[in-house]
Each structure stands twice: as C-alpha cells, then as structure tokens.
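For reference, the structure discussed in these notes is given below.
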Amino acid sequence: MRRRPGIELKSADQIRLMRVAGLVVARILDAVREAARPGITTKELDQLACEQIAAAGATSSFLDYGAGFGLPPFPAVTCISVNSEVVHGIPGERVLSAGDLVSVDFGVSKDGWHGDSAITFGVGELAPPDAALSETTREAMWAGISAARIGARIGDIGNAVESCIRASRAGFGIIAEYTGHGIGSQMHQPPDVPNLGRPGRGELLVKGMCLAIEPMVTAGSAVTATLEDEWTVVTRDGSRAAHWE
Ligand code: MG
Ligand code: MG
C-alpha cells in the first residue's frame, strides 16, 4: 500500500473489497428505509440493521465509536436523525410519525474495509419543502462525486457541493463544522472533505484515494448545537435537516 502523508491509497483489489462493504451498507440502508413507518421506534430500526450486519458477516463501524476520543461510546449501529436533528442522532424510544424527515447514517467493516453511507427519506409522504431539502442535498452529493476526479483537488469537491446547494436558491444552510472524509481500513481517515470550498484548493486527488462525500444541509440557519447526550447535532433554529453520503 503506497501512502501519501496520512492518506491511505488503495490498490484495485482493495477497492473491490471496499465495494463489498459499501454494498452491504447500501442493502441494509434500503431495508431500514423499507421498515420505517409511522409507529416504529428508531431503536427498532437500529435493531433491524444490527441483525442484518451479523447476517452479512460484517461488524459495525459505529458501535462504541468515540471511546478513544473522550466521547461516550456510541451506543448503536446507526445514527438516526429526525427533523431538526442534523447528524449523529442516537436511536431510542422515539416513535416515528407520518411526515417525519429521517436521516440514517450507517457504516460497516467487512474483511477489514469500511463502508459508510447516509440517506434521507420521509415517513410516508414528505411535505414539499422537506422533499426539496432532501433532493437538493442528494443532488449536491452527486455533484461532489462528479467533481472527485484524478487531478482535481478537495476544494473542487466542496465547491461543487456548495454550488449545487446555492443554485437551488432556497436559502438552505450548509453545515461547515462536519465534513466528509477519507475512508478505508478505518472509517475516518484524512483528508477531510468539506462541503464548501474553492476550486483548485486543498489536497490533490490521486488514484487510489477513497472518499466519503456527505453534504449536511438545513432548511434554515446552518448554526448547530449538540445535545446533552454529547452526540446528537441539532439546528439551533429548529429548522429541518437532510444528510446524504
Ligand atoms: Mg456516515
Ligand atoms: Mg462519513
């Protein structure tokens, strides 16, 4: 494995293994979305994901995360963030209702390689503004992925994400203090991948880099707060948020 300073470059064979981990993540996220309906608790959704991780021969990338960083160990295999929760929501007794805007962030390790992805969806029908928020966030993720080319730079990704969100002219907030990241033999690796950026700035993108690109977007202000559980990130103004990775 060649290394740039702090950046793990993967061989084609290693990327094939990462793809397997990513497909496990995608399949389980689909199952969670299917199961999310009015009356179910976020903890029940987490349990469903937990069972499917075991069935896939994988392990959770999220469970107990943070223990080494002075945070309470994360107590679940998914982050489920509802409505004004932006990211890192802890699954629990919360009962989902029709019209809730739900983001599920989920990661596994399979054969030593990590996959990490997030989706946002509605419980039943979403109100049109919530649907637009999620759709713009998803489009921004794809804009960022399109900008991730050999020879481009990290700032090109952030600029593509930011430009896509600004182009919606909806006045959405773009979260700056949480970012995407390198991924591979660890879930979080250098470099950070911000969701705002200037073209041509930042780390050069080279063959073998694997990045998680994950815009977090709010319907109002991008100012956030963290709840007493030390994990759940919410919008200060109570506006709703979406997250795609
Ligand atoms: Mg994630
Ligand atoms: Mg991530």
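The values are calculated or read from the model by the stated rules, or taken from the named source; none is laboratory data. Nothing here was measured: the structure is a model prediction, and the numbers come from that model. Neighbour counts are summed over all protein chains in view; Cβ atoms, including those assigned to glycine, are modelled from backbone coordinates with ideal geometry. Protein only, heavy atoms only, side chains kept; ligands, DNA and RNA dropped before computing areas. Shrake-Rupley method; radii C 1.70, N 1.55, O 1.52, S 1.80 Å.
Summary table
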read-out: Test for residue 62: is it within 13 Å of ligand 1 (Cβ to nearest atom), on the phi < 0 side of the Ramachandran plot and aromatic (Phe, Trp, Tyr); value: yes
read-out: Given (1) of a type in the set (Gly, Ala, Ser); (2) over 29 Å from residue 35 (Cβ atoms); (3) without any contact (Cβ under 8 Å) to a residue 24 or more places away in the chain, number of the condition residue 168 does not satisfy; value: (3)
read-out: Condition check for residue 77: open to solvent by 20 Å² or more (accessible area, probe 1.4 Å) and at pLDDT 95 or above; value: no
read-out: Top-ranked residue of segment 167-183 - restricted to ones that are more than 12 Å from ligand 2 (Cβ to nearest atom), part of a loop (DSSP other than H, G, I, E, B) and on the phi < 0 side of the Ramachandran plot, ranked as surrounded by the fewest Cβ atoms within 10 Å (Cβ to Cβ); value: 177
read-out: Some residue of segment 215-228 being open to solvent by 60 Å² or more (accessible area, probe 1.4 Å), part of a loop (DSSP other than H, G, I, E, B), without any contact (Cβ under 8 Å) to a residue 40 or more places away in the chain and acidic (Asp, Glu); value: yes
read-out: Residue match in segment 119-130 (condition: within 14 Å of ligand 2 (Cβ to nearest atom), of a type in the set (A, V, I, L, M), out of contact with any Lys or Arg (no Cβ under 9 Å at 6 or more places or on another chain) and closer than 23 Å to residue 28 by Cα); value: no
read-out: Top-ranked residue of segment 190-214 - restricted to ones that are within 16 Å of ligand 1 (Cβ to nearest atom) and either assigned to a loop (DSSP other than H, G, I, E, B) or among the aromatic types (Phe, Trp, Tyr) (or both), ranked as surrounded by the fewest Cβ atoms within 10 Å (Cβ to Cβ); value: 194
